[in-house]
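What follows is a single structure, written as structure tokens, with notes after it.
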Amino acid sequence: MKDPRKKGEGRTEKNRASQPHKAPLPVVPAADDIMTEQEVAQLFDVTKRTIARWVEQKILPSVKIGGIRLFSRQLVLHLLYRKMTRSHSLYNQKKDI
């Protein structure tokens, strides 16, 4: 005769705690969330060498996979926003009315 209880029913908290904990799977960004060095350089209107310098100076985080440097679109846009607001605020400070 089958046990009418549902699968897992009757487990105690102790039994659940003794089971190995599975770590959540990492979130993998979509392809459009990743930018190449060339795309970042075009966005900032600078050379690829400037982007490489920003990476060396730890201004712009990146990862290098198979010789190709990749950037998070979100971090790149954040840096662009910071640069825009800084230059705008400097412009307003120097502006003589």
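The values are calculated or read from the model by the stated rules, or taken from the named source; none is laboratory data. Predicted, not measured: the structure shown is a model, and the values here were computed from it. Positions of Cβ are backbone-derived with ideal geometry, glycine not excepted, and every protein chain shown enters the neighbour counts.
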Inset, instruction - Please identify the pairs in which a residue from region 44-60 that is farther than 13 Å from LEU70 by Cβ has its Cβ atom under 6 Å from the Cβ atom of a residue that is at pLDDT below 95 and surrounded by 10 or more Cβ atoms within 10 Å (Cβ to Cβ), counting only partners at least 6 apart or on another chain. - result: TRP54/LEU60
Inset, instruction - Report yes if some residue within region 8-15 is surrounded by 10 or more Cβ atoms within 10 Å (Cβ to Cβ), modelled with pLDDT of 90 or more and part of a helix (DSSP H, G or I); otherwise report no. - result: no
